[in-house]
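What follows is a single structure, written as structure tokens, with notes after it.
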Amino acid sequence: MAEWYCRRSVLAVVDGELWDMYKPLTKSCAIQFLTFTDEDPEEANKAYWRSCAAMLGHVLEQAFKDDYSVTLVRAPEIPVTSGAFCYDVVLDSRLDEWTPTKENLQSFTKDAIKLISKALPFECLEVEEKVAREIFQYNPYKLLMLEEKAAQHPQGKVTVHRFGEFVDLTEGPHMPSTGFCLQYEVTAHHPLSTISSEYVRRFQGLSLPRHLQAHHTAWNKLRVRAQKPVTEKPNQEPAPDAAV
């Protein structure tokens, strides 16, 4: 039973609170494990989507090496039913006229597959605000977010998740490791808007966990859906279609 839970569990519920699988327990508690095959897998699905978006952020941050700057804006909490997770970024202004090709998206996908093969654990960390400020000192979007998060925390701390060398602010628990993914693809790029004269882009992706592999025909249908612009609010008008 312990081995089954270790391989299948996405999250834990500790005394009624959602809990990362690798987050230490600090006291005696009642614990329940969540999987993708539960009668109500909503929280497990949310954690999976959130984790896949973090992986996309890491891929985009590393994709241009030191040649062009990449500023991660945020990974919106997109419902799984929307068909795609996403990460919003601001690229170097020298790339304002650049639109990713299918080959570019395929290259991003290959980088994500490398992360999956490493099975990097997601670590949940609570850090002091000053530590978070050091981590995100060059990202004005993250600095604003962490200020808000610290103000909401009783001890003024900020929750971040780390896998490998990548650290990001987060909206909730993550899956145990990047190795939980099986199928993963960066599917689309859409222009969003201009914030303070900066061009914000939304990159989207699709993934299924190793326990729920899809036949290539079904995967192709999911891919087509994942290319359409997604929004946090179902009734919100999406940006103009610029998928590649």
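Every number in this text was worked out from the coordinates using simple rules, so none of it is lab data. Just so it is clear, the model here is predicted, and its values are computed rather than measured. Neighbour counts are summed over all protein chains in view; Cβ atoms, including those assigned to glycine, are modelled from backbone coordinates with ideal geometry.
Just to verify a result, which residue in the range 19-66, among those that are among the basic types (Lys, Arg) and under 25 Å from PHE203 (Cβ atoms), is surrounded by the fewest Cβ atoms within 10 Å (Cβ to Cβ)? Across the range 19-66, the extreme among qualifying residues is LYS65. The criterion of at least 1 residues that are within 30 Å of SER93 (Cβ to Cβ) is met, among strands (runs of 3 or more DSSP E) falling completely within the range 8-75, by 70-74. Checking the stated criteria, ASP92 turns out to be under 25 Å from LEU146 (Cα atoms), touching a Phe, Trp or Tyr at 6+ places or on another chain (Cβ under 6 Å) and among the charged types (D, E, K, R).
Charged (D, E, K, R), over 24 Å from TYR22 (Cα atoms) and over 13 Å from the mean Cα position of the chain (by Cα), is that true of ARG223?
For ARG223, the condition - charged (D, E, K, R), over 24 Å from TYR22 (Cα atoms) and over 13 Å from the mean Cα position of the chain (by Cα) - is met.
Residue-level check: of (1) over 18 Å from GLN204 (Cα atoms); (2) among the β-branched types (Val, Ile, Thr); (3) surrounded by fewer than 17 Cβ atoms within 10 Å (Cβ to Cβ), VAL127 misses just (3).
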